[in-house]
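J.: Got a structure here, written out as structure tokens. Questions coming.
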Amino acid sequence: MDWGLQNRMSRIVRPEDGRTVMLAVDHGYFLGPTHRLENPRATIAPLLPFADAIMLTRGVLRTSVDPGTDKPMVLRVSGGTSVLQEDLSHETITTSVKEALRLNAVAVALSIFVGARHEHESIVNLSHLVNEAEEYGIPVLSVTAVGKELEKRDARYLSLACRIAAEHGARLVKTYYCDSFHKVAESCPVPLIIAGGPKLETEFDALQMTHDALEEGAIGVDMGRNIWQSDFPVPMIRAIRAIVHEKATVKEAAGILGEAKAKGSKR
């Protein structure tokens, strides 16, 4: 890797432990004003100090993040459809690498839809993005999006999707946790980051998923709804951070959350 690309990667993945806690707030690009992300600035501001990087769109970056922050930004650059459509796979590149540079992003992110109607277009989009981004030393994070077909989240499917993303040049891959996740990690030659996905039934479930994913080979999380849809979002991200960076057990992390709840503190 050139120095610039290494430097950008090191801002996302902490060199001290090779792990990361990313905060995902890019949901509005197809979901609109998602519950508890209606006002992005209000959601992001208290969580920003506890995230290693933020994944977001250029619109939210421009309007809702203090330009004085030193937190690295991973820019979502794909889109073109909405939750109103049955087929969410009809995406294209919506933001140029030149724009990402102007916005001082450390990486760009794009979804691929393996097995969906527009699989071909999404994978070619990834290749084109990698071609351009590599010229400027910007890493590409590929998201293995599944859309509404949640039943596809098994190790066989995710191994296929993640390997395809890596083979086409993604430097990082964001995917879902599943049973036998170690098989997905073992077959992907680039680092894997776990998506939080839809809000889980309990906060403990999100903590357990984070712990298990790390044990099986993930380097961190890019979590959104399971943090900012919590009634205690700051203690929740602190608990996630404890698992990722401090190697806390699920019980220890749950204690951070439980203590905040007992005090009625959202900090």
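J.: May I ask you to evaluate 6.51 cos²θ - 1.76 cosθ + 1.60, the Karplus curve with θ = phi - 60°, for each residue of the stretch 180-193 and list the ³J(HN,Hα) values in order in whole Hz, giving x for glycine and proline?
T.: 6, 4, 4, 5, 5, 5, 5, 9, 10, x, 10, x, 10, 10
J.: Sticking with this one: Nearest 5 percent is fine: what portion of the DSSP beta bridges confined to the stretch 44-203 is antiparallel?
T.: So the antiparallel bridges amount to about 10 percent of the total.
J.: What FRET efficiency do you get for residue 267 and residue 160 if R0 is 51 Å and r is their Cβ-Cβ distance, rounded to the nearest 0.05?
T.: FRET efficiency, residue 267 to residue 160: 0.75.
J.: Any idea how far apart residue 70 and residue 121 come out in nm if each label point goes 7 Å out from Cα toward Cβ?
T.: My value for the distance between the label points is 4.3 nm.
J.: Would you give the gap between the C-alpha center of the stretch 84-140 and the C-alpha center of the stretch 214-267, rounded to a whole Å?
T.: 30 Å
J.: Related question: Let me have the 222 nm mean residue ellipticity of the chain computed from DSSP H runs of 4+ only, each contributing -39500 (n - 2.57), with the sum over all residues rounded to the nearest 500.
T.: -12500 deg cm²/dmol
J.: Which ³J(HN,Hα) values in Hz, rounded to whole numbers, follow from the phi angles of the stretch 112-128 under the Karplus curve 6.51 cos²θ - 1.76 cosθ + 1.60, where θ = phi - 60° and Gly and Pro get x?
T.: In residue order, the calculated couplings are 10, 10, 6, x, 8, 4, 9, 3, 4, 4, 5, 6, 5, 4, 4, 4, 4 Hz.
J.: Please check which bits of the stretch 150-185 a label hung off residue 1 would reach, taking the label as a point 7 Å along Cα-to-C-beta and the cut-off as backbone N under 13 Å.
T.: Taking a point 7 Å out along Cα→Cβ of residue 1, the residues of the stretch 150-185 whose backbone N falls under 13 Å are 170-173.
J.: If each residue's Cβ is checked for other Cβ atoms within 10 Å, how do 153, 102 rank with the fewest at the top?
T.: 102, 153
J.: Taking amide H positions as placed in the peptide plane 1.01 Å from N, state which residues far from residue 111 in sequence (5 or more) or on other chains have amide H under 5 Å from it.
T.: 78, 143
J.: Compute the normalised compactness of the stretch 3-230: alpha-carbon radius of gyration over 2.2 N^0.38 Å, N being the residue count.
T.: Normalised Cα radius of gyration, the stretch 3-230: 0.93.
J.: Output wanted: per-residue J couplings in Hz (rounded whole) for the stretch 206-217, from phi through Karplus 6.51 cos²θ - 1.76 cosθ + 1.60, θ = phi - 60°, x for Gly and Pro.
T.: 5, 5, 5, 4, 4, 4, 5, 4, 5, 4, 9, x
J.: Please get the size of the charge dipole for the chain, origin at its Cα centre, with Cβ charges of +1 on Lys and Arg and -1 on Asp and Glu, quoted in debye to the nearest 20.
T.: Rounded to the nearest 20 debye, it is 760 debye.
J.: Okay, moving on. In a Gaussian network model over the chain where Cα atoms closer than 10 Å are linked, find which of 45, 239, 254 has the largest mean-square fluctuation.
T.: Evaluated over the chain, the most mobile residue of the options is 45.
J.: Once amide H atoms are built 1.01 Å from N in the peptide plane, which residues 5 or more positions from residue 19, or in another chain, come under 5 Å H to H?
T.: 14
J.: Right, something else. When you count, for each residue, the other Cβ atoms within 10 Å and take the mean per peptide, how do 212-219, 92-99 rank with the highest first?
T.: For the peptides 212-219, 92-99, the packing ranking is 212-219, 92-99.
J.: So what is the diffusion coefficient of the stretch 170-267 in µm² per second by Stokes-Einstein at 10 °C and 1.306 mPa s, using a Kirkwood Rh over Cα pairs?
T.: The calculation lands on 117 µm²/s.
We did not get these values from a lab; they are worked out from the coordinates using the rules stated. Treat the numbers as computed from the prediction; the structure is a model and nothing was measured. Methodologically, a virtual Cβ is constructed for each residue, glycine included, from the backbone with ideal geometry; neighbour enumeration extends over all protein chains shown.
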